[in-house]
1. Take T70, T108 and order them by how many other Cβ atoms sit within 10 Å, fewest up front.
2. Using alpha carbons only, how many angstrom separate the centre of the stretch 205-232 from the centre of the stretch 27-44?
3. D for the stretch 10-91, whole µm²/s, Stokes-Einstein with Kirkwood Rh over alpha-carbon pairs at 37 °C and 0.692 mPa s: what number?
4. Leaving out same-chain residues fewer than 8 places away, which lysines sit with a Cα under 26 Å from that of K208?
5. For L223, L40, L215, which order do you get if you count the other beta carbons within 10 Å of each Cβ and list the fewest first?
6. Using Cα pairs under 8 angstrom and six or more residues apart, how large is the relative contact order of the stretch 37-124, in percent?
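Derivation of every value follows stated rules applied to the coordinates shown; laboratory data play no part. All figures in this text were calculated on a predicted structure; none of them were measured in a lab. Don't worry about glycine lacking a Cβ; one is built from the backbone with ideal geometry, like all the others, and counts go over all protein chains shown.
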Amino acid sequence: MERNKKADRKVYAKIKGQYHQKSIKRRIEAAFLDNIGKVLTREQIIKVATDPKTGREPENWHQRLSELRTDEGYTILSWRNRGDLKIQEYLMPHSKKRSSARKRVRPTDATWLAILRRANYACEWNEGGEACGLKDGEVDPIGGGRVKLTPDHKNPHSLDPEADPSDSSQWQALCGRHQVTKKNYWDSATGKLNTYAIVQFAPEKEKKRIFKFLLTYFGYTMLKNGTIRKGH
């Protein structure tokens, strides 16, 4: 089927002046709500998130954006969700919110200090035996901005919202980028593994592998010209 190119055309947001909401998250929220269905770039988000009084640019804007998605239930798409979006382009298609998760608990100050010492003040994310290791205050070479470590439930909040604030073994220190990654792995509404989000988050090479696996699983074959037929 031929795609409707006009319908697929991206419309970029136009930021007019400063946003004066009291927090970074609220300024970012206001910018998206002012530009429903339009693409905001990384540079535009940083501009609207900048403190209107001091002119200070936020270092962890991407974590605030993640909170709008996961904690407040907004749909904010990125290149992982829509193929026509470039890296560091974001789009809010509508203002409707999903049901948000229960209020989160945090470890005590003493527990958080014990976690940081255990982690050697570095992100504890480990995937396939490879640790993140970014330290508090370093520049994230992928996500951008300076790393700010925050406490994370080892079990997803949706499954264990009552984690013991005094038990450091129930918590880990994560950088902002890997907080976002982990949230994408779990459905906060059901507590189940969010396979759809995991596929969205996967790089294109992995998406192709999964696509080919599903074709085989459901009894389809992709021909050399790219068409798909039933049967092997």
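1. Working: T70 21, T108 13.
Taking fewest neighbouring Cβ atoms as first place, the list is T108, T70.
2. 37 Å
3. Numbers: Rh = 12.7 Å.
This corresponds to a translational diffusion coefficient of 258 µm²/s.
4. K5, K10, K86, K182, K183, K192, K224, K230
5. Values: L223 8, L40 24, L215 15.
Neighbour counts put them in this order, fewest first: L223, L215, L40.
6. Working: 82 pairs, mean separation 24.4, N = 88.
With pairs under 8 Å counted, the relative contact order is 28 percent.
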